[in-house]
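One structure is given here, and the rest of the page talks about it.
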Amino acid sequence: MKKNRPFWQTTPLEKMSHAEWESLCDGCGLCCLHKLQDEDSDEIYYTQVACRLLDCHSCQCTNYPHRKLLVPECLKLDYKELKKAYHWLPESCAYRRLYLKEGLPSWHPLVSGDKNTVHTAKISVRTFAISEKDIDGDLEDYLL
């Protein structure tokens, strides 16, 4: 008997259910880091400074349902936004990878079956992120 393939291999991003879409997030927290864009080259630089709503240890938003209200510049990622903004997502991001027709890596929780593999693989911000509530100085001082 042929084994069924996982939903992320058979369902286009734009046709995923809300639950499927949300489960693609690996919980790394990288998208919650403040980024700076070079005015001349448009290159995007990550900082180690995380949104004030990110719990830097769990790498989870502390108020995910209301994040847009509390942090208006937070991007609520859906397929329409992904088409416009995938380039600023980290290369490891499942949304970006699937949009670019790449597979999920072995450490991704949907593949490994363990939500902690993103941390043990050292993909998450757990070991270096600082909340914007705790910084002193300009974002440029915290470039990665």
In the range 124-133, anything surrounded by 13 or more Cβ atoms within 10 Å (Cβ to Cβ) and more than 8 Å from residue 48 (Cβ to Cβ) is listed as 124, 126, 131, 132
Residue 136: surrounded by fewer than 18 Cβ atoms within 10 Å (Cβ to Cβ), within 15 Å of residue 34 (Cα to Cα) and acidic (Asp, Glu), yes or no? yes
Positions within the range 118-144 being within 16 Å of residue 27 (Cβ to Cβ), assigned to a helix (DSSP H, G or I) and in contact with a Ser or Thr (Cβ under 8 Å, 6 or more places away or on another chain), in sequence order: 118
Just to check your reading of the model, which residue among 23, 106, 17 is closer than 19 Å to residue 123 by Cβ and loosely packed, with under 11 Cβ neighbours inside 10 Å? 106
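Residues are listed down the side, and each one gets a yes or a no for (1) among the β-branched types (Val, Ile, Thr); (2) modelled with pLDDT of 95 or more; (3) touching a strand residue (DSSP E or B) at 6+ places or on another chain (Cβ under 9 Å):
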site	(1), (2), (3)
51	no, yes, yes
54	no, yes, yes
57	no, yes, no
68	no, no, no
76	no, no, no
99	no, yes, no
102	no, yes, no
123	yes, yes, no
130	yes, yes, yes
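The values are calculated or read from the model by the stated rules, or taken from the named source; none is laboratory data. This structure is a prediction, so every number in the text was calculated from the model and none was measured. Heads up, the Cβs are rebuilt from the backbone with ideal geometry, glycines too, and the neighbour counts pull from every protein chain shown.
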